[in-house]
1. Report, by residue number, each residue of the stretch 169-185 that is of a type in the set (A, V, I, L, M), in a helix (DSSP H, G or I) and closer than 18 Å to PHE118 by Cβ.
2. Could you tell me which of the residues GLU13, GLU75 is of a type in the set (D, E, K, R), surrounded by 15 or more Cβ atoms within 10 Å (Cβ to Cβ) and closer than 29 Å to VAL117 by Cα?
3. So which residues in the stretch 39-98 are of a type in the set (Asp, Glu) and closer than 30 Å to LYS15 by Cβ, if there are any at all?
4. Tell me yes or no: at least one residue of the stretch 136-150 is hydrophobic (A, V, I, L, M, F, W, C), assigned by TED's automatic domain parsing to the domain that holds ILE188, in contact with a Gly (Cβ under 7 Å, 6 or more places away or on another chain) and closer than 22 Å to ALA103 by Cβ.
5. With MET91, MET104 as the choices, which residue is of a type outside the set (Asp, Glu), in contact (Cβ under 8 Å) with a residue 24 or more places away in the chain and within 20 Å of TYR189 (Cβ to Cβ)?
6. So which residues in the stretch 86-143 are of a type outside the set (Ser, Thr, Tyr), assigned to a helix (DSSP H, G or I) and under 13 Å from the mean Cα position of the chain (by Cα)?
7. Taking GLY161 as meeting all but one of (1) surrounded by 14 or more Cβ atoms within 10 Å (Cβ to Cβ); (2) on the phi > 0 side of the Ramachandran plot, write down the number of the exception.
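The values are calculated or read from the model by the stated rules, or taken from the named source; none is laboratory data. Nothing here was measured: the structure is a model prediction, and the numbers come from that model. As a convention, Cβ positions derive from the backbone with ideal geometry for all residues, glycine included, and neighbour counts pool all protein chains shown.
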Amino acid sequence: MLKNQVKQHLAEEMKKSGEQQLKTIEIYKEEKEYAEKYHLIPENMILVEKNSTSRFSNAYIERCDKESEEVLAEETPAFLNQPIAYFKKHMNEFMYLESSCLAMIGIDAISLETDNVFGIYDVMLGLKLQKKFEAPIKDYLEKELHGDEAAYELLFIQDDGLWDLNFTLNYADGFKEDISIGDAYRLIYRFLFKLVESVEEGN
């Protein structure tokens, strides 16, 4: 899935660049590293790393009430500049984010909230990988999440054909308490990109 998505993305960017013989394409770090690793770059293309801060610049964002799931407000991407500690001050809220870039890794949306008891940051999403990949998904999560408590919950939803995945962001490499919400979502994206890559690499 990931290889096809990255190849398709490069092909779309090629089209946009018009008639230039040597095409310089801006692409985000994860996709660039992947394209280089798996030799997906055409000879007439040069990849330049795109500033990661723009990854979610077109995202659809809601703040919602945890108990009722009622939408409290729709936010612009400027909300991503808030410190992640926002959710410790607003424990009753969770954030829902949709972005077209998430389709690359088989996800429609990602939610984020603070756990009411432990004060840790919980990430919630649906991951479109087949049921047969349970073992490699768990292997990745157990290797990459470093925490004493249960670091994740994973359940296959048969009707939807996807994995319901919750994990603790605090236990992921690169997490710091002083990051912004945008930084947190970029960290989550990288974590999930590497998860999908790891699963596909082993199959």
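1. Scanning the stretch 169-185 gives LEU169, ALA184.
2. GLU75
3. If the condition is that a residue be of a type in the set (Asp, Glu) and closer than 30 Å to LYS15 by Cβ, then GLU43, GLU49, GLU98 are the ones that fit.
4. no
5. Being of a type outside the set (Asp, Glu), in contact (Cβ under 8 Å) with a residue 24 or more places away in the chain and within 20 Å of TYR189 (Cβ to Cβ) holds for just one of MET91, MET104, which is MET104.
6. Scanning the stretch 86-143 gives CYS101, LEU102, ALA103, MET104, ILE105.
7. (1)
Here's the yes/no breakdown for (1) farther than 20 Å from ALA184 by Cβ; (2) at pLDDT 95 or above:
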| position | (1), (2) |
| --- | --- |
| GLY18 | yes, no |
| GLU26 | yes, no |
| GLU30 | no, yes |
| LEU40 | yes, no |
| SER54 | no, no |
| GLU62 | no, yes |
| GLU69 | yes, no |
